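Please read the structure below before turning to the comments.
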Amino acid sequence: MEILCLRHAESENVLAGASGVVPLAPLTERGRAQAAALAGEVCVSRVYASRAVRARQTAEVLDAPVTVLPQLAEMSIGRREGQIDAALREETADVLRSWVVDGELDRRVADGETGHEVLSRMTTALTRVAAEGGNPAVIGDVGSLTLALSVLCGLGGTVWGTPLPHAVPFVVHWDGTRWHCPSWPGG
């Protein structure tokens, strides 16, 4: 089974420096152009996206049915969601780094999710996508995709320092037992 994975196109929350899920943030003008470019290079039978507006807007340009999976959401930082604060962005990045590089999945930002919680819901979502077969694409967010695929594909800290670029698809394989990521975008 082959799944095409990608981070949503560029969105307003990224430019603003807002942390967390920020589900209502739309694509920027550049993000809309990135999404439009995908339509010509990606051919899939169906698309799974987080419920974030930016992920759905990226998904809608592909000529395939879109299923919204809440489990594909970005890592939650609880009561600090949506704040624009450089120290909070640094703390969020540090927690994500500790999950990916050190395997410290008990950590969380504020009262948000632990790495265990993010990994569990992302694994559930990816397993569902694989079970439904076909030629699917998954559109998610940088933190949750990075954690899930670094763990599931056994990449660990090798992906740290190479954040998923906006709207760049890459292949993930599922053989029914193991996940495998042949390459990491930008790596």
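Per residue, what volume in Å³ does the Cα convex hull of region 89-187 take up?
99
Compute the relative contact order of the chain as a whole-number percentage, counting only Cα pairs closer than 8 Å that sit 6 or more residues apart in sequence.
It rounds to 31 percent for the chain.
Can you work out ³J(HN,Hα) from phi for every residue in region 56-63, in order, using Karplus 6.51 cos²θ - 1.76 cosθ + 1.60 and θ = phi - 60°, giving whole Hz and x for Gly and Pro?
3J(HN,Hα) across region 56-63, in whole Hz: 5, 5, 5, 5, 5, 7, 7, 7.
So, counting K/R as plus one and D/E as minus one, what does the shell of residues with Cβ under 12 Å around PHE170 add up to?
0
Considering only protein heavy atoms and a 1.4 Å probe, what is the carbon-and-sulfur percentage of the accessible area of the chain?
Roughly 52 percent, rounded to a whole number.
Give me the tail of P(r) for the chain as a percent: Cα-Cα pairs with distance above 30 Å. Let's see the in-between values first.
On the way: 1955 of 17391 pairs.
Here the tail beyond 30 Å accounts for 11 percent of pairs.
Taking the DSSP beta bridges in the chain as the whole, what percent of them are antiparallel, to the nearest 5? Present the calculation step by step, with values, prior to reporting the outcome.
Values: 8 of 20 bridges.
Rounded to the nearest five, the antiparallel share is 40 percent.
What is the set of long-range amide H partners of TYR48 at a cut-off below 5 Å, with H atoms built 1.01 Å from backbone N?
Answer set, sorted by chain and number: THR67, ALA137, VAL138, ILE139.
Debye sum, Cα scatterers, region 64-132, no solvent: what log₁₀ I/I(0) at q = 0.16 1/Å?
Debye curve over Cα of region 64-132, log10 I(q)/I(0) at q = 0.16 Å⁻¹: -0.61.
FRET efficiency for ARG32 and THR162, Cβ-Cβ distance as r, R0 = 30 Å, nearest 0.05? Please report the intermediate quantities before stating the final value.
Working: r = 25 Å, r/R0 = 0.83.
Efficiency at R0 = 30 Å is approximately 0.75.
List the extent of the Cα atoms of region 1-43 along each of their three principal axes, largest first, rounded to whole Å.
Result for region 1-43: principal-axis Cα extents of 34, 24, 13 Å.
Placing unit charges on C-beta atoms (Lys and Arg positive, Asp and Glu negative, everything else neutral), compute the dipole magnitude of the chain about its Cα centre in debye, rounded to 20.
Here the size comes out at about 240 debye.
The values are calculated or read from the model by the stated rules, or taken from the named source; none is laboratory data. For clarity, every value in this text was computed on a predicted model and none was experimentally measured. Cβ: placed from backbone, ideal geometry, glycine included. Neighbour counts: every protein chain shown. Areas reflect the complete protein model, heavy atoms only, side chains present, ligands, DNA and RNA absent. Shrake-Rupley method; radii C 1.70, N 1.55, O 1.52, S 1.80 Å.
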